[in-house]
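Colleague: My structure is below; once you've seen it, I'll send some questions.
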Amino acid sequence: MTLHELFIKELKDLHSAENQLVKALPKMVKAAASSKLKKAFQDHLGETKNQVERIKQAFDSVSETPRAVLCKGMAGLVEEGKGIVEKDAGDVFGDLALIGAGERVEHYEIAGYATAISMAKALQYSVAADLLAENLQEERNAAKLLFELAQPMLKAAATATGKELVNKGGSAG
């Protein structure tokens with residue numbers, strides 16, 4: 001295997017991952033209780049569609065074409081998220097579970113993009129590296145936003161949980 005072949009394998013993986021998210025994000029939008037979380041997922045859906053296009057451009061820039069390959073890592077993360085959408089949605093706890101699933105996805109993508117960018121730079125594929133760097137920055141921003149959205153929800157959930165423990169005769173501390 002050559003570094004170019006490994007880079008193309010990484011691009012295919014990212015292409016599959018983003019396409020899987022294009023299908024999964026509308027379900028997360030629907031499942032979110034918080035309007036801010038709904039908006040974050042909806043906005044990221046638009047970004048994700050643009051990321052798919054940038055990946056296609058990265059393929060073009062190195063005279064390759066994307067071919068169908070399943071990113072098993074993302075498939076697992078999407079499957080895990082599906083369980084949250086089906087069972088846990090509808091309140092602050094469900095939103096926190098959705099945020100957790102979203103953060104795992106974002107960090108998986110961040111790792112993939114960082115790897116692909118390093119390979120592209122080593123191969124002197126500057127156009128591909130720049131396109132992927134745009135995607136990487138959007139993923140970092142999405143992860144940061146999810147973290148920020150979680151903070152007030154965590155406080156509300158902790159308060160609610162503390163009240164539940166006290167009402168059940170337990171200790172909140």
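Colleague: Kindly indicate which of GLU106, GLU138, GLU164 is in a helix (DSSP H, G or I), more than 20 Å from GLU79 (Cβ to Cβ) and modelled with pLDDT of 95 or more.
Modeller: Result: GLU138 is the single residue among GLU106, GLU138, GLU164 that is in a helix (DSSP H, G or I), more than 20 Å from GLU79 (Cβ to Cβ) and modelled with pLDDT of 95 or more.
Colleague: I would also like to ask the following. Where the second residue is of a type in the set (Ser, Thr, Tyr) and at pLDDT below 95 and the first is under 18 Å from TYR125 (Cα atoms) and lies in the range 44-69, which pairs have Cβ atoms under 8 Å and are six or more apart or on separate chains?
Modeller: Within 8 Å, the pairs are PHE59/THR65.
Colleague: Tell me, please, whether a residue that is at pLDDT 95 or above, part of a helix (DSSP H, G or I) and in contact with a Lys or Arg (Cβ under 7 Å, 6 or more places away or on another chain) can be found in the range 145-156.
Modeller: yes
Colleague: For the range 61-72, does any single residue satisfy the condition of being of a type in the set (Ser, Thr, Tyr) and at pLDDT below 95?
Modeller: yes
Colleague: Same structure again: State yes or no: is PHE41 within 18 Å of ALA150 (Cα to Cα), aromatic (Phe, Trp, Tyr) and surrounded by 15 or more Cβ atoms within 10 Å (Cβ to Cβ)?
Modeller: Judged against the criteria, PHE41 is a match.
Colleague: Modelled with pLDDT of 95 or more and not in a helix (DSSP H, G or I) - does that describe any residue in the range 2-20?
Modeller: Looking only at the range 2-20, we keep the residues that are modelled with pLDDT of 95 or more, and these are 2-20.
If we keep only those that are not in a helix (DSSP H, G or I) too, we end up with 2.
Yes; the residues of the range 2-20 include at least one that is modelled with pLDDT of 95 or more and not in a helix (DSSP H, G or I).
Colleague: Can you tell me which residue within the range 33-92, out of those that are part of a loop (DSSP other than H, G, I, E, B), of a type in the set (S, T, N, Q) and over 22 Å from PRO152 (Cβ atoms), is nearest to the chain's Cα centre (by Cα)?
Modeller: THR65
Colleague: Among (1) farther than 22 Å from ILE117 by Cα; (2) surrounded by fewer than 21 Cβ atoms within 10 Å (Cβ to Cβ), there is one condition VAL69 misses while meeting the rest; what is its number?
Modeller: (1)
Colleague: Can you name the residue in the range 84-141 that is among the β-branched types (Val, Ile, Thr) and touching a residue at least 24 places away in the same chain (Cβ under 8 Å) and is also surrounded by the most Cβ atoms within 10 Å (Cβ to Cβ) among such residues? Give the derivation first.
Modeller: Pass one, the range 84-141, residues among the β-branched types (Val, Ile, Thr): 84-85, 92, 99, 105, 110, 115, 117, 127.
Narrowing the set further to residues that are touching a residue at least 24 places away in the same chain (Cβ under 8 Å) leaves 84-85, 92, 99, 105, 110, 115, 127.
On the way: ILE84: 21, VAL85: 19, VAL92: 17, ILE99: 25, VAL105: 27, ILE110: 17, THR115: 16, VAL127: 13.
So, considering only residues that are among the β-branched types (Val, Ile, Thr) and touching a residue at least 24 places away in the same chain (Cβ under 8 Å), the one surrounded by the most Cβ atoms within 10 Å (Cβ to Cβ) is VAL105.
Colleague: Now a separate question. What is the residue count in the range 8-25 for residues that are under 16 Å from GLU106 (Cα atoms) and surrounded by fewer than 18 Cβ atoms within 10 Å (Cβ to Cβ)?
Modeller: Summing the residues that are under 16 Å from GLU106 (Cα atoms) and surrounded by fewer than 18 Cβ atoms within 10 Å (Cβ to Cβ) in the range 8-25 gives 2.
Colleague: Here is a list of conditions, (1) among the small types (Gly, Ala, Ser); (2) modelled with pLDDT of 85 or more; (3) farther than 30 Å from ARG54 by Cβ, and ALA120 meets all of them except one; can you say which number that is?
Modeller: (3)
Colleague: Checking the conditions here, which among VAL127, VAL92 is out of contact with any strand residue (DSSP E or B) (no Cβ under 7 Å at 6 or more places or on another chain), of a type outside the set (S, T, N, Q), within 27 Å of VAL29 (Cα to Cα) and modelled with pLDDT of 85 or more? First the steps, then the outcome.
Modeller: Numbers: VAL127 fails: within 27 Å of VAL29 (Cα to Cα).
The match here is VAL92.
The values are calculated or read from the model by the stated rules, or taken from the named source; none is laboratory data. What you see is a predicted model; the values in this text were computed from it and never measured. Quick reminder, even Gly has a Cβ in these numbers, built from the backbone with ideal geometry, and neighbours come from all protein chains shown.
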